[in-house]
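J.: Mind having a look at this structure? Questions to follow.
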Amino acid sequence: MSQPQALYRLQKIDTELDARRARLREINALLEGNAELRAARSTVEQLKDELSPREASVKSMTLENQSVASQLAELSTRLYDGTVSNPKELQDIENKIDELKRHRGQLETKLLEEMMAVEELQASLAEASSELEAVEAAWSGDRAALRDEQRRIKTEGRALKTERETALAAVDEDNRVLYDELRSQRQGLAVALLKGDTCSGCRIDQTANVVIDVRRGKEIVTCTSCGRILVSP
Ligand SMILES: [Zn+2]
């Protein structure tokens, strides 16, 4: 095999390997973070944080309401069961009853508002939780597919690396150095096909002499513009 063809074979393998490395990086990024899933989880957490103090407040207001009701019952009994006959004391009891009834009225209004807010939040939480479940289910399917792809690419990558060893062995030392330099300077593409008179790496037309030399395929010819090694298909 001529040196240009040996380099071209090496380039094709490296291009395949580069594509797999890029896809593996993408897959790793996807497996690490899923924005949709994070957003769905955060909505559920936020609603839970809002809901729990309000549920606690409904509970404590309900208890207070019961306590007020029993105080009222006790005072009404004292007012009418004849145990208190002092008019001043009876008046005090009546005043206390009025005060407690006002308090109960305010308490019931607040409790009703709070219970409505809790119901709304509970409905939102139920909705957000089922949304989260759906996203999680979809994501676990996606993740399994990504893991499969990851395994497949790694297997293909190992086979390509073996092929690369063979291809590299056919390239002379000087040409390896040139190839590596061009790979690092030219976005991974050291060897470009000559299509007609044009370098496919930089789309610049080549001189007639360059075209003839490339087509002959005996020696290394580089593009007059980008410096890539040119080969004829
Ligand atoms: Zn070029």
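J.: Looking at (1) within 16 Å of the ligand (Cβ to nearest atom); (2) touching a residue at least 40 places away in the same chain (Cβ under 8 Å); (3) not in a helix (DSSP H, G or I), which is the one condition that is false for Leu182?
T.: With respect to (1) within 16 Å of the ligand (Cβ to nearest atom); (2) touching a residue at least 40 places away in the same chain (Cβ under 8 Å); (3) not in a helix (DSSP H, G or I), Leu182 is out only on (3).
J.: Does Val171 satisfy being away from the ligand (no atom under 16 Å from the Cβ) and either within 20 Å of Met1 (Cβ to Cβ) or not charged (D, E, K, R) (or both)?
T.: yes
J.: Go through the residues of the range 192-205 one by one and say whether even a single one is closer than 24 Å to Arg23 by Cα, away from the ligand (no atom under 12 Å from the Cβ) and either surrounded by 16 or more Cβ atoms within 10 Å (Cβ to Cβ) or at pLDDT below 95 (or both).
T.: Scanning the range 192-205, I find no residue that is closer than 24 Å to Arg23 by Cα, away from the ligand (no atom under 12 Å from the Cβ) and either surrounded by 16 or more Cβ atoms within 10 Å (Cβ to Cβ) or at pLDDT below 95 (or both), so the answer is no.
J.: Given the conditions (1) surrounded by 11 or more Cβ atoms within 10 Å (Cβ to Cβ); (2) closer than 18 Å to Asp18 by Cα; (3) out of contact with any helix residue (DSSP H, G or I) (no Cβ under 6 Å at 6 or more places or on another chain), report the number of the one that Ser184 does not fulfil.
T.: Only one criterion in (1) surrounded by 11 or more Cβ atoms within 10 Å (Cβ to Cβ); (2) closer than 18 Å to Asp18 by Cα; (3) out of contact with any helix residue (DSSP H, G or I) (no Cβ under 6 Å at 6 or more places or on another chain) is unmet by Ser184, namely (1).
J.: Still on this structure, please answer the following. Going by what's in this entry, would Val231 be described as aliphatic (A, V, I, L, M), surrounded by fewer than 18 Cβ atoms within 10 Å (Cβ to Cβ) and on the phi < 0 side of the Ramachandran plot?
T.: Considered against the rule, which asks whether it is aliphatic (A, V, I, L, M), surrounded by fewer than 18 Cβ atoms within 10 Å (Cβ to Cβ) and on the phi < 0 side of the Ramachandran plot, Val231 comes out as no.
J.: Return yes when Leu178 is modelled with pLDDT of 95 or more and within 38 Å of the chain's Cα centre (by Cα) and no when it is not.
T.: Against the criterion (modelled with pLDDT of 95 or more and within 38 Å of the chain's Cα centre (by Cα)), Leu178 does not qualify.
Residue by residue, here is whether (1) out of contact with any Lys or Arg (no Cβ under 9 Å at 6 or more places or on another chain); (2) among the charged types (D, E, K, R) holds:
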{"residue": "Thr43", "(1), (2)": "yes, no"}
{"residue": "Lys48", "(1), (2)": "yes, yes"}
{"residue": "Lys59", "(1), (2)": "yes, yes"}
{"residue": "Ala69", "(1), (2)": "no, no"}
{"residue": "Leu72", "(1), (2)": "no, no"}
{"residue": "Asp81", "(1), (2)": "yes, yes"}
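J.: Which of the residues that make up the range 28-70 are more than 19 Å from Ser129 (Cβ to Cβ) and polar (S, T, N, Q)?
T.: Listed by number, the residues that qualify are Asn28, Ser57, Ser60, Thr62, Asn65, Gln66, Ser67, Ser70.
J.: Quick one: which residue in Ile212, Ile220 is touching a helix residue (DSSP H, G or I) at 6+ places or on another chain (Cβ under 7 Å) and either assigned to a loop (DSSP other than H, G, I, E, B) or away from the ligand (no atom under 14 Å from the Cβ) (or both)?
T.: The unique qualifying residue is Ile220.
J.: Same structure, new question: Working only within the range 121-148, note down all residues that are surrounded by fewer than 13 Cβ atoms within 10 Å (Cβ to Cβ) and in contact (Cβ under 8 Å) with a residue 60 or more places away in the chain.
T.: Arg147
The values are calculated or read from the model by the stated rules, or taken from the named source; none is laboratory data. Quantities reported herein were computed from a predicted structural model and do not represent experimental measurements. Glycine gets a Cβ as well: all are built from the backbone with ideal geometry, and neighbour counts include every protein chain shown.
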